[in-house]
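Asker: Before anything else, here's the structure in question.
Only the coordinates and a few stated rules stand behind these numbers; no lab work does. Everything quoted here is computed from the prediction, not taken from an experiment. Note that we place each Cβ from the backbone using ideal geometry, even for glycine, and neighbour counts take in every protein chain shown.
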Amino acid sequence: MRTTFLAFAFPIETDCIFTLTDYKRKTNGPIKASCVSEFSQAGQVVARVEIDFAAYPKSQLSRKEHELATAALTRYRNMQEVERSAAEAA
């Protein structure tokens, strides 16, 4: 996600234009897409948000979440061990 603020925004009517800029789908696989939302007030664009995302079929999501969670926990445990060793050395 990338957000660019181009001007001050105020509590007045704000228009949002959503544009799907890229879309790819693998057969029985994830959808990968990109989009841009532009927010304007009184004809002036005040902010632009670009988002890249993926959506996985439910059948693949559980496996993907498990892989990513396992990797995150491994990184966390390794970090804790390094911090513990540093504290013991001090």
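Asker: When the Cα centres of segment 58-90 and segment 38-54 are compared, how far apart do they sit, in Å?
Answerer: Cα centroid of segment 58-90 versus Cα centroid of segment 38-54: 35 Å apart.
Asker: With +1 assigned to the C-beta of every Lys and Arg and -1 to the C-beta of every Asp and Glu, and no other charges, what is the dipole magnitude of the chain about the Cα centre in debye, to the nearest 20?
Answerer: 540 debye
Asker: Further, regarding this structure: If you average 1/r across every pair of different Cα atoms in segment 1-55 and take the reciprocal, what Kirkwood value do you get, in Å?
Answerer: Taking every pair of different Cα atoms in segment 1-55, averaging 1/r and inverting gives 12.4 Å.
Asker: For Cα pairs less than 8 Å apart in space and 6+ apart in sequence, what is the mean separation divided by the residue count of the chain, i.e. the relative contact order in percent?
Answerer: The normalised contact order for the chain reaches 26 percent.
Asker: Residues of segment 24-47 with the amide nitrogen closer than 17 Å to a label point 7 Å from the Cα of SER59, along Cα-to-Cβ, please.
Answerer: Taking a point 7 Å out along Cα→Cβ of SER59, the residues of segment 24-47 whose backbone N falls under 17 Å are 25-31.
Asker: Please give the helix 58-89 orientation as an angle from the longest Cα principal axis of the chain, in degrees from 0 to 90, rounded to the nearest 10.
Answerer: 60 degrees
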